[in-house]
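No value in this document is a laboratory result; all are computed from the given coordinates. It should be emphasised that the depicted structure is a prediction, and the values quoted were computed from it without experimental measurement. FYI the Cβ positions are ideal-geometry reconstructions off the backbone, even for glycines, and counts take in every protein chain you see.
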Amino acid sequence: MLREHLAEYFELDVDSPYMLLVAPVCAKCRIPMTEEQQRLFGIEKLNVPSSTIPAVTHVDYSACIQTVHAETNPVYHTLLNRFHALTGWPVLVNTSFNVRGEPIVCTPRDAYLCFMRTEMDHLVLGPFLLDKASQPPLRDDVDWRSQYQLD
């Protein structure tokens, strides 16, 4: 999240550059659950949008916050500013890069394989932007879904 927009979305007024703090989503951004939605459990409850920023909001209306400053992370700050200019949203979801059951991506090769095996459309890898439609199909690929046991 762009630090300069933090107070618009979260009840937090301190920096959180390492995504170590959890904060409540502001009341004006919350979407109250109906009684029927409150009775849901598991993935069904997770699929109910609970705020205007549902990708980052937990079912209890909190979120893990990472604040981004131009001074400390100029490249990512520029990306977030551009995204904000295009969409009106100064926040992106930050998550681990892996498919459920697989280890987290550690190398460019891991990233490319995960990208090609999933429904991702684009992959930013260092200074490169890969468009899946422009990539050749994977050759001699294995049935990667059978390699890892789901939790």
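Taken about its Cα centre, the chain carries a charge dipole of roughly 180 debye when the Cβ of each Lys and Arg holds +1 and the Cβ of each Asp and Glu holds -1.
Is it possible to state the helix-based mean residue ellipticity at 222 nm for the chain, with each DSSP H run of 4+ residues giving -39500 (n - 2.57), the sum divided by total residues, to the nearest 500 deg cm²/dmol? What is it? Walk me through the numbers before you get to the answer.
Details: 5 runs with 36 residues, N = 151.
Mean residue ellipticity at 222 nm (helix-derived): -6000 deg cm²/dmol.
FRET efficiency for the residue 146 to residue 73 pair, using the beta carbon distance and R₀ = 35 Å, is estimated at 0.35. DSSP finds beta bridges in the chain, and of those with both partners inside it, around 90 percent are antiparallel.
Candidate values (1) 1.23; (2) 1.13; (3) 1.19 were compared with Cα Rg over 2.2 N^0.38 Å computed on the shown model; the agreeing label is (1). Between the exposed loop cleavage positions of the chain, defined as trypsin sites (Lys or Arg not before Pro) in a non-H, G, I, E, B DSSP state with at most 13 neighbouring beta-carbon atoms within 10 angstrom, the longest gap is 40-99.
Computed from the C-alpha gyration tensor, the three semi-axes of the ellipsoid equivalent to the range 96-151 are 20, 14, 9 Å, from longest to shortest. Considering only alpha-carbon pairs that sit under 8 angstrom and 6 or more positions apart, the relative contact order computed for the range 12-151 is 17 percent. Look at the dipole of the chain built from charges on Cβ: of 88, 113, 74, the Cα furthest out on the positive end belongs to 113. Taking 99, 75, 48 as the candidate residues, the one with maximal mean-square fluctuation in a Gaussian network model of the chain, Cα springs under 10 Å, is 99.
When 1/r is averaged over all different Cα pairs and the result inverted, which Kirkwood radius in Å belongs to the range 1-87? Don't skip to the answer; put the middle values down first.
Numbers: mean 1/r = 0.0714 Å⁻¹.
About 14.0 Å, per the Kirkwood formula over Cα pairs.
Sparse packing (at most 14 other Cβ atoms within 10 Å of the Cβ) combined with a DSSP loop state is found for the following chymotrypsin sites (Phe, Trp or Tyr not before Pro) in the range 42-151: 97, 148.
Whats the longest run of the chain with zero GluC sites (Glu not before Pro) that are DSSP loop and have at most 12 other Cβ atoms within 10 Å?
Numbers: sites that count: 71, 119.
It works out to 1-70.
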